[in-house]
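Only one structure is covered here, and it is reproduced in the block below.
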Amino acid sequence: MSAPTTQNAGNTQNSEKAENTDSARASLEALRAEIAKAVVGQDPAVTGLVVALLCRGHVLLEGVPGVAKTLLVRALAASLELDTKRVQFTPDLMPSDITGSLVYDARTAEFSFQPGPVFTNLLLADEINRTPPKTQSSLLEAMEERQVTVDGTPRPLPDPFLVAATQNPVEYEGTYPLPEAQLDRFLLKLTVPLPSRDDEISVLTRHAEGFNPRDLQAAGVRPAAGPADLDAARDAVAKTSVSPEIAGYVVDICRATRESPSLSLGVSPRGATALLSTARAWAWLTGRDYVIPDDVKALALPTLRHRIQLRPEAEMEGVTADSVITAILANVPVPR
């Protein structure tokens with residue numbers, strides 16, 4: 001009688017895992033709906049933020065002023081049961097303003113560590129390219145190692161931890177372009193375009209009806225997912241299968257960037273692993289437990305566009321990172 005009992009227990013456990021997975025997927029779909037209460041359109045950017053959460057990655061949002069980059073991240077935070085902090089990056093910002101510092105306590109006659117805003121679940125780094133490289137680099141350890149070292153003591157950051165940084169692509173005066181090493185730390189670079197005419201009319205209509213972007217609670221944005229949902233979703237994504245053909249397809253795409261005559265810098269192996277991770281997350285979000293070539297194509301642009309560097313002569317001819325990647329996707333053989 002023990003064998004059937006063991007089998008039944010196993011079936012029950014598998015059924016519970018399936019229910020948890022379905023519940024987590026439903027919660028993340030509801031998360032996207034909650035964000036839509038505050039942000040009109042921008043579905044690709046919303047999806048990218050959800051993918052980054054699943055992959056434990058960081059996001060760089062790029063768009064002209066006034067396209068709701070900051071509002072998008074604030075709406076994401078309001079839709080999650082997570083702690084969030086915002087830092088406005090300025091030229092006079094110091095590394096300790098982000099990481100924290102040792103503060104002398106006169107009562108105990110000792111130095112104690114005062115955590116900075118980086119000790120949160122979701123850090124909004126607003127206009128990250130307006131602060132000098134010294135301060136930008138203070139985020140490198142946090143983004144990669146998920147810890148901050150102060151006075152030789154490593155201090156772990158909360159889990160989950162996500163940096164959502166914004167930057168303006170049209171105003172370069174007084175800015176400090178992010179170095180390649182830091183760009184590579186971002187899992188995705190999402191472009192936030194100007195809305196379509198219909199979406200812009202919807203934005204104006206909402207404001208005319210009393211929408212206040214500074215009061216998301218009044219707009220009806222409520223928490224739709226929490227840490228338990230993220231954990232269940234991440235476990236499911238980690239089990240999404242990848243065939244040898246798909247792995248080879250990802251490698252072929254990345255190797256093609258290294259051989260492109262338009263590029264002086266191609267995608268590194270870290271970029272290849274990032275593309276595989278985002279493709280797995282997208283496959284799971286769409287309801288599959290295996291990756292297909294379309295998943296890789298769907299995430300290739302946001303995952304790779306900031307990991308390549310154009311040659312000056314190619315830039316002068318109007319070539320863009322997106323156009324190079326699009327051409328590579330059209331030429332690399334797709335596995336059957």
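If you keep only loop residues by DSSP, which GluC sites (Glu not before Pro) in the stretch 26-113 have at most 16 other Cβ atoms within 10 Å of their Cβ?
Hits after loop and neighbour filter: Glu81.
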Cut-off 13 Å between beta-carbons: net charge of the residues surrounding Gln147, Lys and Arg +1, Asp and Glu -1: -2
Over every pair of different alpha-carbon atoms in the stretch 127-284, take the mean of 1/r and invert it; report that Kirkwood radius in Å. 19.8 Å
Arrange the peptides 276-289, 323-336, 304-317 so that the one whose residues have, on average, the most other Cβ atoms within 10 Å appears first. 276-289, 304-317, 323-336
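Expressed as a whole percentage, what fraction of the accessible surface of the stretch 66-148 belongs to carbon and sulfur atoms when a 1.4 Å probe is rolled over the protein heavy atoms?
Summing carbon and sulfur atoms, their accessible area is 51 percent of the total for the stretch 66-148.
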Determine the calculated [θ] at 222 nm for the chain from helices alone, applying -39500 (n - 2.57) to every DSSP H run no shorter than 4 residues and normalising by the residue count; nearest 500 deg cm²/dmol. -15000 deg cm²/dmol
Relative packing of 38-51, 228-241, which averages over residues the other C-beta atoms within 10 Å, highest first: 38-51, 228-241
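Rounded to the nearest whole Å², what accessible area per residue is found for the chain with the 1.4 Å probe?
So the chain comes to 50 Å² accessible per residue, rounded to a whole number.
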The stretch 204-315 - percent of accessible surface contributed by carbon and sulfur, probe 1.4 Å: 52 percent
Output row, site Asp215, 7 Å Cα→C-beta label point, backbone N cut-off 19 Å, window the stretch 27-46, residues 37-39
In this structure, the FRET efficiency calculated for Met94 and Asp159 from their beta-carbon separation, with R0 = 25 Å, to the nearest 0.05, is 0.45
Thinking of the stretch 104-215 as a set of Cα atoms, what percent of all their pairs are more than 18 Å apart? 65 percent
Give the percent of DSSP beta bridges with both residues in the chain that are antiparallel, rounded to the nearest 5. 40 percent
Using the alpha carbon gyration tensor of the chain, what are the three equivalent-ellipsoid semi-axes (square root of 5 times each eigenvalue), largest first, in whole Å? 31, 29, 24
Report the local net charge at Pro335: Lys and Arg +1, Asp and Glu -1, summed over other residues whose C-beta lies under 10 Å from its C-beta. -1
Run the count for the stretch 15-146, please: Lys pairs, Cα-Cα under 22 angstrom, 8 or more apart or on different chains. 4
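The values are calculated or read from the model by the stated rules, or taken from the named source; none is laboratory data. Fair warning: this is a prediction, and the values are worked out from it, not measured in the lab. Counting neighbours? That spans all protein chains shown, and the Cβs are built from the backbone with ideal geometry, glycine included. Ligands, DNA and RNA are excluded from the accessible area calculation, which covers all protein heavy atoms including side chains. Shrake-Rupley method; radii C 1.70, N 1.55, O 1.52, S 1.80 Å.
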